[in-house]
Amino acid sequence: MLRPVLRLVLAVSLDGRLAPPEGGAAQLGGPGDRRVLEEALAWADGCLIGAETLRRHGSTCLIHAQDLRAQRSAAGRSDQPVAVVVSRTAAIPLELPFWRQPLERWLLAPSQAPPFPAFQARLDWDGWASAIDALAERGLMRLVVLGGAALAGSLLAGDWIDELQLSLCPRLLGGPHVWLPLQAAIGRGDWHLQEHRRLEGDELLLSYRRGLANPCTSSLSGMG
């Protein structure tokens, strides 16, 4: 069985930070980044979101551009990709705006995690190999990874990420909130530049694809 393609999509500062030193939202991406983010969402069948990232932000990203939604509709696809929340505990506060967003919500959690019926579907997490196979069996063959850093690090450690889409934003933030955990054990492999594009607001899109062998499993450390 073919496995899904995973694309990690991030907006980062020039010094590789996701948030200011004190934490919280950095509001890094401008209109240019927003457009390429929505292009990635339009490409995707589903999005992987860490539970802690969802708790902090309250919602996930949606496609707002009418032309991109029209493309999905013309292809017989839903307006939005499926939101797949990756969590150890399945504890997602019901007051979050996420629950009111117009999309389908799935949960990816260990089998021993308590039930959480607010999701339309639940898949067991027993290592990335079986989880990604389960997503493929459900028809999610193109996956965007939206974060956070622990989830990205866990997937990169197992060589599961196939593509990197980074929007470099013209700010320096400093502090500890880099886009990968400082102690992450990253898998090996060469990355090949696929696209570079100047975006509105002096932002720069960099897209890379990994040319590497078969992926392996990684730990539960990327789950919130």
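The values are calculated or read from the model by the stated rules, or taken from the named source; none is laboratory data. Everything quoted here is computed from the prediction, not taken from an experiment. With ideal geometry, Cβ positions are generated from the backbone for all residues, glycine too; neighbour counts draw on all protein chains shown. Areas reflect the complete protein model, heavy atoms only, side chains present, ligands, DNA and RNA absent. Shrake-Rupley method; radii C 1.70, N 1.55, O 1.52, S 1.80 Å.
Of note:
- Over the range 1-117, the Kirkwood radius and the radius of gyration, each from Cα atoms, give a ratio Rg/Rh of 0.97.
- Where only C-alpha atoms are counted, convex hull volume of the chain per residue in Å³: 124
- log₁₀ of I(q)/I(0) at q = 0.23, 0.24, 0.28, 0.30 Å⁻¹ - the range 140-200, Debye sum with one point per alpha carbon: -1.20, -1.24, -1.31, -1.33
- Centroid-to-centroid separation of the range 1-58 and the range 70-147 [C-alpha atoms, Å]: 16
- Most fluctuating residue given options 118, 134, 152, as computed from a GNM of the chain linking Cα atoms under 10 Å: 118
- Taking the square roots of 5 times each eigenvalue of the Cα gyration tensor of the range 43-93, largest first, gives ellipsoid semi-axes of 26, 11, 7 Å.
- Net charge dipole size for the chain [Lys, Arg +1 and Asp, Glu -1 on Cβ; Debye, nearest 20]: 160
- Longest DSSP-loop-exposure-free segment, GluC sites (Glu not before Pro), the chain, at most 15 other Cβ within 10 Å: 105-224
- Applied to the range 54-64, the Karplus parametrisation 6.51 cos²θ - 1.76 cosθ + 1.60 on θ = phi - 60° returns per-residue 3J(HN,Hα) values of 5, 4, 6, 8, x, 8, 10, 7, 10, 7, 9 Hz, with x for Gly and Pro.
- Of the solvent-accessible surface of the chain, computed with a 1.4 Å probe and all protein chains present, 52% belongs to carbon and sulfur.
- Per residue value of the accessible surface for the range 1-119 (all protein chains in place, 1.4 Å probe), Å²: 45
- Helical mean residue ellipticity (222 nm; -39500 (n - 2.57) per DSSP H run of 4+; nearest 500) of the chain: -6000 deg cm²/dmol
- Cα pair distances in the range 63-145, grouped into 10 Å bins until the bin that holds the longest one, percent each: 16, 45, 31, 9, 0
- Taking every DSSP bridge with both residues inside the chain, close to 35 percent are antiparallel.
- Build a GNM of the chain with springs between Cα atoms under 10 Å apart, and of 83, 150, 91 the one that fluctuates most is 91.
- Measuring r between the beta carbons of residue 74 and residue 138 and using R0 = 35 Å, the FRET efficiency lands at 0.95.
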